[in-house]
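A short reminder: the numbers here are calculations on the coordinates, not readings from a lab. All figures in this text were calculated on a predicted structure; none of them were measured in a lab. A quick note on method: Cβ atoms are made from the backbone with ideal geometry, for glycine too, and the neighbour counts reach across all protein chains shown.
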Amino acid sequence: MPRLDQELTRLLGERRMLTSPDALLAWECDGFTVHKSRPRAVVLPETTAEVQAVLRLLHAAAVPFVPRGAGTCLSGGPTAGGDAVVIDLARMRKVLHIAADDLYAVVQPGVVNLDLTQAVHHLGLHYAPDPSSQSVCTIGGNLAENSGGPHCFKYGMTQDHVLGATIVLPDGELAHLGSAAGPRHQGQLDLLSVFCGSEGTFGIATEIIVRLCRDQQGVRTLLAAFDSMTAACRTVSDIVAAGLVPAALEILDQATIRAVEASVYRAGYPADAAAVLLVELDGPHQVIEEEAAEVRTFFARNGALRSEEATDPYERKRLWKGRKGAFGAMGRLNTDLYVLDGVVPRTRLEEALAGIAAIGERHGVLLTNVFHAGDGNLHPNISYDGRDAAQTARTIAAGREILQLCVDLGGSISGEHGIGSEKLDHVRMMYGDHDLEVMAKVRAVFDPAGRCNPGKVLPQRGACAEVAKWPQMVAKVLDVEERR
């Protein structure tokens, strides 16, 4: 549509309206590299008014669009089909207002998660949600996916820290959800909570009001190494059963430890351990001193091979370096990484991990595990060569079985990564036709024409052709392999 391209170029200028194949390469996928598709164009607005103008042009031309943040999503959420325009919000990166006394900030969606904490650090404040990609992921993307992170065990998900948002609807109209006073007024529907986690299918948030937290008086980070995953998981259960609420409870398995220690993220984890457990406590000094003593008791009771504590920021940063860099360290193992995201009840962690190991062995894939143990939020990682169709097919098949296992154990197919295009074929593991029909009706309230991030989240809305053919392709490749 040359006329539409001309109008978008006239609105934003040539440097913020991209159409050349080479330029579009950077937007062909997110962190889920299995699904790739270059969009028809990419636009880079800088204000709410520009987003409105762009959406009005696209609405008039009946052209679909996909909102995008930093592209760190791991489920194909911001990957566009070839007929869609990507609306990249990376240039909308201003912290618009900080209300230190009232504990909130107003930000544009392109503000990097960690940058917000750094912007308020001098005030003794921080932004609590901290995905592993927090040094690059954006607040707008976190809102779209309802992201979590290691500290969500105590502090909750993104939804718990968003007070309001200015939304541009798919036709270009403006809506205001929530406010600095809270996500809803008495007697009103909590539409902000509905919007949070909608994966870019309802519209585009251009200004977001987020809750800020006061820094705790003290923070203590403990690390314990165990000779079995069972011992590490039981320690987590003991800690929670005792009524302790650590800020974080994270576990890495041996394969992850070795990958981390061989990388630039080396943190000094013992490479001979079957698992390491990272526990972070925060609060008044006297309270965390007592809690740390209890945690050390649980370490000893479950036969910890060794343990260490960090009480100053530098040592804490070292212990967290390996956990935060775990996914990056996996890049040493193969060309591609499939990061899964399933949830099981915390009491069934051991059973889930044993089942995941068996699935990996059966499919002949290289599996590593790093996860939010306190929440039962598992992140099995499969390293594979995406250029090899057989390896890719085995990886996808193993991933599907792992998510089915999570559901069978009473869990979910997603804790924080969302459905995107990755799990369109998995949604019916949890939901029937009636459930999906209700969800589709809610979506239609925001996007009646179905042009906002089409082919994502809800399978009955119709995935793009590239996504829809994947189950058949995987089955075909696996069949050929089996015959060999």
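Once you charge only the Cβ atoms, +1 for Lys and Arg and -1 for Asp and Glu, what is the size of the charge dipole of the chain about its Cα centre, to the nearest 20 debye? Walk me through the numbers before you get to the answer.
On the way: 47 positive and 59 negative charges, 181 e Å.
Dipole size: approximately 860 debye.
How big is the antiparallel share of DSSP beta bridges in the chain, given as a percent to the nearest 5?
Numbers: 60 of 68 bridges.
Antiparallel bridges make up about 90 percent of those DSSP assigns within the chain.
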Estimated vicinal HN-Hα couplings, Hz - the stretch 314-329 in sequence order (Karplus 6.51, -1.76, 1.60; Gly, Pro = x): 6, 5, 4, 4, 5, 5, 7, 4, x, 5, 5, x, 4, 5, x, 5
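Can you divide the C-alpha Rg of the stretch 218-329 by 2.2 N^0.38 Å and report the result to two decimal places? Numbers along the way, then the final one.
On the way: Rg = 13.2 Å, N = 112, 2.2 N^0.38 = 13.2 Å.
Output field value: 1.00.
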Cβ-based charge dipole, the stretch 2-88, positive-most Cα from Phe65, Thr48, Leu18: Phe65
Which far-off residues, 5 or more places away or on another chain, put their amide H under 5 Å from the one on Tyr104, with H placed in the peptide plane? Ala99, Leu212
Please get the size of the charge dipole for the stretch 2-88, origin at its Cα centre, with Cβ charges of +1 on Lys and Arg and -1 on Asp and Glu, quoted in debye to the nearest 20. 100 debye
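So for Val264, Val86, fewest C-beta neighbours within 10 Å to most, what's the order?
Numbers: Val264 10, Val86 24.
The order, fewest Cβ neighbours first, is Val264, Val86.
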Express in % the proportion of alpha carbon pairs of the stretch 288-426 at distances exceeding 19 Å. 60 percent
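Kindly provide the trypsin sites (Lys or Arg not before Pro) of the stretch 196-285 that DSSP labels as loop, not H, G, I, E or B, and whose Cβ sees at most 16 other Cβ atoms within 10 Å. Kindly include the intermediate steps, with their values, before the conclusion.
Values: sites: Arg211, Arg214, Arg220, Arg234, Arg258, Arg266; in loops: Arg266.
Within the stretch 196-285, the qualifying trypsin sites (Lys or Arg not before Pro) (loop, at most 16 other Cβ atoms within 10 Å) are Arg266.
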Around Gly399, under 11 Å between beta carbons, what's the net of Lys plus Arg minus Asp minus Glu among the other residues? -1
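Find the Cα radius of gyration of the stretch 1-134, compare it with 2.2 N^0.38 Å by division, and give the number to two decimals.
Output field value: 1.18.
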In the chain, taking the dipole from +1 charges on Lys and Arg beta carbons and -1 charges on Asp and Glu beta carbons about the Cα centre, the listed residue (Phe32, Val85, Thr368) farthest towards the positive end is Val85
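I'm checking a number: the convex hull volume of the Cα atoms of the stretch 103-156, normalised per residue, in Å³. What is it?
Values: hull volume 4.3 nm³, N = 54.
So the per-residue hull volume is 79 Å³.
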Residues with amide H under 5 Å from that of Val162, placed H, sequence gap 5 or more: Arg211
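Please say if the chain is rounded, prolate or oblate, where rounded means a/c under 1.5 for a ≥ b ≥ c the square roots of the C-alpha gyration tensor eigenvalues, and otherwise the choice is prolate for a/b larger than b/c and oblate otherwise? Write out the running numbers ahead of the final one.
Numbers: a/c = 1.85, a/b = 1.26, b/c = 1.46.
In terms of gyration-tensor shape, oblate.
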Starting from the amide H of Glu207, placed 1.01 Å from N in the peptide plane, find each other amide H under 5 Å away whose residue is 5 or more places distant or on another chain. Thr166
From the backbone phi of the stretch 154-164, what are the Karplus-calculated ³J(HN,Hα) couplings (6.51 cos²θ - 1.76 cosθ + 1.60, θ = phi - 60°) in whole Hz, Gly and Pro given as x? 9, 9, x, 8, 3, 3, 6, 10, 10, 9, x
Exposure proxy ranking, count of Cβ atoms within 10 Å, fewest first, for Ile98, Ile288: Ile98, Ile288
What percent antiparallel are the DSSP beta bridges of the stretch 2-88, to the nearest 5? 20 percent
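Based on the mean of other beta carbon atoms within 10 Å per residue, what is the order of 192-200, 333-341, 178-186, most packed first? Write out the running numbers ahead of the final one.
Values: 192-200: 22.3, 333-341: 20.6, 178-186: 14.6.
Descending mean neighbour count gives 192-200, 333-341, 178-186.
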Kirkwood hydrodynamic radius, computed over distinct alpha-carbon pairs, for the stretch 97-214: how many Å, to one decimal? 14.1 Å
